[in-house]
Amino acid sequence: MCGIIGYVGTSPAKPIILEGLKRMEYRGYDSAGIAVFENGKISSEKKAGKLQVLTDEVSEDHWSGTAGIGHIRWATHGIPNDVNAHPHTDCTGKIYLIHNGIIENFHELRERLTAEGHEFTTQTDTEVLTHLIESHLPGNSLSEAVKASLKEVIGTYGLAVVSEMDPDTIVAARLGSPLILGIIGDGEYMIASDATAILPHTREVIYLDEGEVVTVNRKGFTITTVDNTTVEKNSSKIEWDIQQAEKQGYDHFMLKEIMEIPRVIEDGLRGRLIIEDGIAHFGGFLEYEDKWRSIERIVIVACGGAAIASRVGEYMLEEYASIPVKVEIGSEFRYRKPVLDEHTAVVIVSQSGETADTIASLREAKRQGVFTFGIVNVVGSTIAREVDAGMYIHAGPEVAVASTKVMSGMVAMFSLLTLAIGRQRGMSLVTGKRIAKELQNVSLLAEKMLKKNTETIKSLAKKYATYDNAFFLGRKYNMPSAFEGALKFKEIAYVHAEGYPSGELKHGPLALLDDRFFVCAITPKDSVYEKNLSNIQEVRARKGVVLALATEGDTGIEQYVDDVIYMPKTLEMLTPILSMIVVQLLAYYTAVERKCDIDQPRNLAKSVTVE
Ligand code: M6R
């Protein structure tokens, strides 16, 4: 949530900052702002609305400064308007600051600073930081004033500050919100909350850790803690390719990312499966084999789409690895009193690796001393660095706010984990080989399905986009796909949709059914096929309109439903990989029909880095 960026070097800062903001726009799009040094003075502009509004506003500004900062906002405190947009400034107008996170004690600080004579102009929590820094600046460098201020703050931040007192210098800090330093070359650096903003300029980065502050100008950079202890850090290389973060001719990132799913599954499995031995092998498992052997229970913690993908993992692990599994939502887990012990593994699942509630849950698990394992996409993210062990999804950057390819990647990772743990706990070689073989094949099935069915899904979306409400039904492995269909219809198509286990509809929700509803019934030929058919009949008996997702060859289902989308046959535990793709594509084309802002749905942001 919110994207922050800073550049210092020899090239004009404005275009570099605006381009970086464009790449991070999925982090928030309520308002945007920029501040650039111009001969020792700071020029700044900020505008409510999407980044384009700011870009148009500053297009005539011939700023030639080669150091500056920029921000895109997802509002928490204060409505999205020009005034509340970042950067914020102090009473002197010489300090400019951008912030991602929440200052929880802003109210007390604001009262105190107001009593001391500071004048506040915005409704944001962030503005207190500018006045705090102003109050610490006399006699101190900007860096010292920032560190002194941060000691008074309770909350979370990824922030960057510039001041006319320290020309062409950026001070940036993190606590609870990501921050990366990019090393472009001698005297040329960037800071950003997201690697995608830095990637066009350099692959060499340093990930700042919690409580660290970097001071950077053309002479170089220093990293310290808030208490001013110097920190030596090694740089890392970003493995992602810049093309991966671009639309490459697709109308939307979401469509591009759905089309990438076969490749994502293939990349995620590469080198991690030995089919003839029926095993999965990857670092996060091999290095901790004994630990995994001692585990008697798994608690998976995630939010949103990641929690939905985790439900597939729950079913797989219980069925094939015979280990009790529970999926918990991060925002709940962190505040209730979870009972964990040394035989529990907490599996943390996140695309971004920066979701605030998921990170807090990880830290709660670590506080209780249990083994933590991450399934994460963004390399070097907070979760990836804080878990005891883990596996990367290797999906490349996911830009659309709606998660698609990474959810498939998560399911693929759970299949590997199931195979690894299952084989350790008595899964037979025959079963192991069957799972490994089908897993290896599933990317091909997904690719074929996309080629064959995309046009059908597109035309069915035209019909179903006219409905105001939808039920998505699925049982066993496809219950999560029902949740996913409903989530995506809400998230990007703004359709009221509810996902239910198929058998649950008659326990209440069926009362809602009328001619404004359609029912999407996920009904592959699996162990619960007949049960699902009965549920379809119950809907039909009440004149419900039914769109079924069925297995290729199951033409018999056509007599019971209005429309069918066919999916290739695969192992039951892998069917959700295919059904998730179908409901995502259906939601995508429905959103196209309804003319929604698909990659940047209203009120949302991609990485939820605040509670
Ligand atoms: O980065 P994470 O995987 O931790 O994000 C979790 C959710 O915020 C995310 O999956 C969200 O629900 C998506 N927008 C769903 O499409």
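Checked against (1) at pLDDT below 95; (2) open to solvent by less than 40 Å² (accessible area, probe 1.4 Å), Asp515 passes all but a single condition, namely (2). The lone criterion from (1) over 17 Å from Leu97 (Cα atoms); (2) surrounded by fewer than 17 Cβ atoms within 10 Å (Cβ to Cβ); (3) touching a residue at least 60 places away in the same chain (Cβ under 8 Å); (4) not basic (Lys, Arg) left unmet by Ala197 is number (2). The residue pairs whose first member lies in the stretch 488-509 and is at positive phi, whose second member is assigned to a helix (DSSP H, G or I) and open to solvent by less than 50 Å² (accessible area, probe 1.4 Å), and whose beta carbons are closer than 9 Å, counting only pairs six or more residues apart or on different chains, are Tyr494/Ala591.
Scanning the stretch 329-344 for residues that are free of Cβ contacts under 8 Å to residues at least 24 places away in the same chain and of a type in the set (Lys, Arg) yields Arg336, Lys337. Inspection of the stretch 560-572 finds no residue satisfying the criterion of being assigned to a loop (DSSP other than H, G, I, E, B) and within 16 Å of the ligand (Cβ to nearest atom).
Note on the stretch 277-329: residues that are within 22 Å of the chain's Cα centre (by Cα) and either within 16 Å of the ligand (Cβ to nearest atom) or modelled with pLDDT of 95 or more (or both) amount to 20. For the stretch 24-45, name all the residues that are basic (Lys, Arg) and either in a strand (DSSP E or B) or free of Cβ contacts under 8 Å to residues at least 24 places away in the same chain (or both). Listed by number, the list holds a single entry, Lys41. For the stretch 379-424, the set of residues classified as part of a helix (DSSP H, G or I), of a type outside the set (Gly, Ala, Ser) and under 14 Å from the mean Cα position of the chain (by Cα) consists of Thr382, Ile383, Lys405, Val406, Met407, Met410, listed by residue number.
Per the listing Glu455, Glu504, Glu498, the residue uniquely open to solvent by 20 Å² or more (accessible area, probe 1.4 Å), of a type outside the set (Lys, Arg) and part of a strand (DSSP E or B) is Glu498.
Every residue, every condition in (1) at pLDDT 95 or above; (2) open to solvent by less than 20 Å² (accessible area, probe 1.4 Å), yes or no:
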site: Ile5; (1), (2): yes, yes
site: Thr10; (1), (2): yes, no
site: Pro15; (1), (2): yes, no
site: Met24; (1), (2): no, yes
site: Gly28; (1), (2): no, yes
site: Ile34; (1), (2): yes, yes
site: Gly40; (1), (2): no, no
site: Glu45; (1), (2): yes, no
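I'd like to check something: does the stretch 523-544 contain any residue that is within 22 Å of the chain's Cα centre (by Cα), without any contact (Cβ under 8 Å) to a residue 24 or more places away in the chain and in a loop (DSSP other than H, G, I, E, B)? No, that holds for no residue.
Results for (1) closer than 28 Å to Val561 by Cα; (2) among the basic types (Lys, Arg), shown as yes or no for each residue.
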site: Ala412; (1), (2): no, no
site: Gly422; (1), (2): no, no
site: Arg434; (1), (2): no, yes
site: Glu438; (1), (2): no, no
site: Ala446; (1), (2): yes, no
site: Phe471; (1), (2): yes, no
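Which pairs turn up if I take residues in the stretch 140-151 that are open to solvent by 20 Å² or more (accessible area, probe 1.4 Å) and look for partners that are part of a helix (DSSP H, G or I) with beta carbon separation below 8 Å, at least 6 apart in sequence or on another chain? Once the first residue is open to solvent by 20 Å² or more (accessible area, probe 1.4 Å) and sits in the stretch 140-151, its partners that are part of a helix (DSSP H, G or I) give Asn140/Ala148; Glu144/His136; Ala148/His136. Scanning the stretch 344-359 for residues that are in contact with a helix residue (DSSP H, G or I) (Cβ under 6 Å, 6 or more places away or on another chain) and either open to solvent by less than 10 Å² (accessible area, probe 1.4 Å) or more than 7 Å from the ligand (Cβ to nearest atom) (or both), we see that the one that is farthest from Thr404 (Cα to Cα) is Val346. Taking the criterion of being more than 20 Å from Val346 (Cβ to Cβ), away from the ligand (no atom under 14 Å from the Cβ) and crowded, with 24+ Cβ neighbours inside 10 Å, the only residue of the stretch 362-417 that qualifies is Ala412.
Counting only strands (runs of 3 or more DSSP E) that sit completely within the stretch 137-231, those holding 3 or more residues that are at pLDDT 95 or above and out of contact with any Leu (no Cβ under 7 Å at 6 or more places or on another chain) correspond to 180-185, 188-192, 212-217, 220-225. The residues of the stretch 232-246 that are without any contact (Cβ under 8 Å) to a residue 24 or more places away in the chain and either over 14 Å from Leu181 (Cα atoms) or among the small types (Gly, Ala, Ser) (or both), listed by number, are Gln243, Glu246. Of all the numbered requirements in (1) farther than 29 Å from Cys596 by Cβ; (2) surrounded by fewer than 24 Cβ atoms within 10 Å (Cβ to Cβ), Asn535 misses one, and that requirement is (2). Restricting the stretch 462-494 to residues that are within 27 Å of Leu317 (Cα to Cα) and of a type in the set (Phe, Trp, Tyr) leaves a set whose member that is surrounded by the most Cβ atoms within 10 Å (Cβ to Cβ) is Phe472.
The values are calculated or read from the model by the stated rules, or taken from the named source; none is laboratory data. These numbers were taken from a predicted model, which means no experiment stands behind them. Every residue, glycine as well, gets a Cβ built from its backbone with ideal geometry; the counts of neighbours run over all protein chains shown. We work out accessible area using only protein heavy atoms, side chains counted, and drop any ligands, DNA or RNA first. Shrake-Rupley method; radii C 1.70, N 1.55, O 1.52, S 1.80 Å.
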